[in-house]
Amino acid sequence: MTEAQPDQAWYRRLMPVPAPPRVVARTPSDRAAALSRFEELTAVDGEIPEPTRARMFEPDSPAAATIVIWHGFTNAPSQFVAVAEQLRDRGYRVLLPRMPYHGEADVLNRDLVQLTDAQLVEHVGAWIDLAAGFGDPVWVFGLSAGATLAGWAAACRLEVSRLVLGAPLVAPKGAPMPLVRALVRFRRIVPRFYYWWDPRVKENLGHSPYAYPGFPVPGLMPFLHLSESLFDRSVEAGHQLERVVLVSNPGDFAIRRDAARSFASGVFGARTDYLGEAGIDGELKWMHDFVDPWSPGSGTTEQVVAILLAGFGVGEPTAGGVLVPPLVEPQPPAAP
């Protein structure tokens, strides 16, 4: 594959954005120090309900790799607990971070309006520090906004060797890319209203008891700032990865799939030994949040585990027939 060039779309040239702050790595020196760091990171969860706190799952034998999994926007680590348990049983250490202002007891809170770029960068850095401290290979996965964080980790931290992007939030469905850029560049024009995931039922969404039924729109901007900085390479992927796979879903009506392809190939195409796209079979009729056991239009725990293992290159390539076609190289994306 030829080296991808920085995204020089007119709207990115016209509206430059400052690179988010970088943090200095503080990798624990050994396993004991890593366990101590985990206690430090989870100490802030004291007022967070038990099911939505950050978690760690360790196998009985030495771990084949440490997998960091970021949950989706307005959700919580609880959505990946069953997946983490199965991965642990297969010999992997799994870390489930809780993103800032997520997982709170009051699912109708408006605290995401306080989220900043710096908080996200510090959060990602702290959890990759922890993962690297165990001394095993570090692989990362995320869903939606969590995939944006996983992508940031893979770009910025040389300890990360494999990345699976689950429907990354780099542009909401129907949002023109120039508008995304303008909202990131000019935060004062971002609407400050609260957006219901389903305005017909509002707080009575009826899905996960731990997920927020809506969000203040400014809470999206820090995630989009990170993805835009990677798009135009004001922050550049700084090392060669072994493997990058984009999981795409034809039933996903929350994000722009073309933008997600552009993100995967443009940011990582020249920085990975293998770049692939894992397409979920459209006959399954899964929705954006296909990993959540409480959500309609989602896969079973076993199917989600199979997708992750296929993405990381250590499982059956079709994930038991879920992925059709299996792990094909992405086609060049259409212009946004």
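The values are calculated or read from the model by the stated rules, or taken from the named source; none is laboratory data. Keep in mind that what you see is a predicted model, and the values were worked out from it rather than measured. Ideal geometry is used to build each Cβ from the backbone, glycine not excepted, and the neighbour counts take in all protein chains shown. Calculation scope for accessible area: heavy atoms of the full protein, side chains included, ligands and nucleic acids excluded. Shrake-Rupley method; radii C 1.70, N 1.55, O 1.52, S 1.80 Å.
Of note:
- Highest GNM mean-square fluctuation among P222, P168, P100, for the chain modelled with Cα contacts below 10 Å: P100.
- Residue-averaged [θ]222 nm for the chain, counting only DSSP H segments that reach four residues, each worth -39500 (n - 2.57): -9000 deg cm²/dmol
- In sequence order, calculated HN-Hα J values of segment 34-49 (Karplus, 6.51, -1.76, 1.60; Hz; x Gly/Pro): 5, 5, 5, 5, 4, 4, 5, 5, 8, 5, 6, 8, x, 9, 8, x
- Surface analysis of segment 212-252 yields an accessible area of 19 Å² per residue, using protein heavy atoms and a 1.4 Å probe.
- Estimated distance in nm for a label pair at E316 and S61, the labels positioned 7 Å out from Cα along Cα-to-Cβ: 2.1 nm
- Here the dipole of segment 167-234 is about 240 debye; that uses its Cα centre as origin and unit charges on the Cβ of Lys and Arg (positive) and Asp and Glu (negative).
- In whole percents, the pair-distance distribution calculated for segment 56-113 from its alpha-carbon pairs, binned every 5 Å from zero, is 4, 21, 25, 17, 12, 10, 6, 3, 1.
- Neighbour count of at most 16 Cβ within 10 Å plus DSSP loop: longest trypsin sites (Lys or Arg not before Pro)-free window in the chain: 203-284
- For segment 235-252, the Karplus equation 6.51 cos²θ - 1.76 cosθ + 1.60, evaluated at θ = phi - 60°, returns couplings of 10, 10, 4, x, 8, 8, 8, 7, 7, 9, 10, 9, 8, 10, 9, x, x, 8 Hz by residue, with Gly and Pro reported as x.
- Inverse mean reciprocal Cα-Cα distance (Kirkwood Rh) of segment 117-236, Å: 15.7 Å
- The coefficient of translational diffusion for the chain, derived via Stokes-Einstein from the alpha carbon Kirkwood radius under 4 °C and 1.567 mPa s, stands at 65 µm²/s.
- By DSSP, the beta bridges lying fully in segment 22-156 are antiparallel in about 25 percent of cases.
- For segment 6-45, the residues whose amide N sits under 17 Å from a probe point set 7 Å from the Cα of A182 along the beta carbon direction are 9-17.
- Using θ = phi - 60° and Karplus 6.51 cos²θ - 1.76 cosθ + 1.60, couplings along segment 282-298 (whole Hz; Gly, Pro as x): x, 5, 6, 6, 6, 9, 3, 8, 6, 9, 7, x, 9, 8, x, x, 10
- Taking label positions 7 Å along the Cα-Cβ direction at both E47 and E122, the computed distance is 1.7 nm, reported to one decimal.
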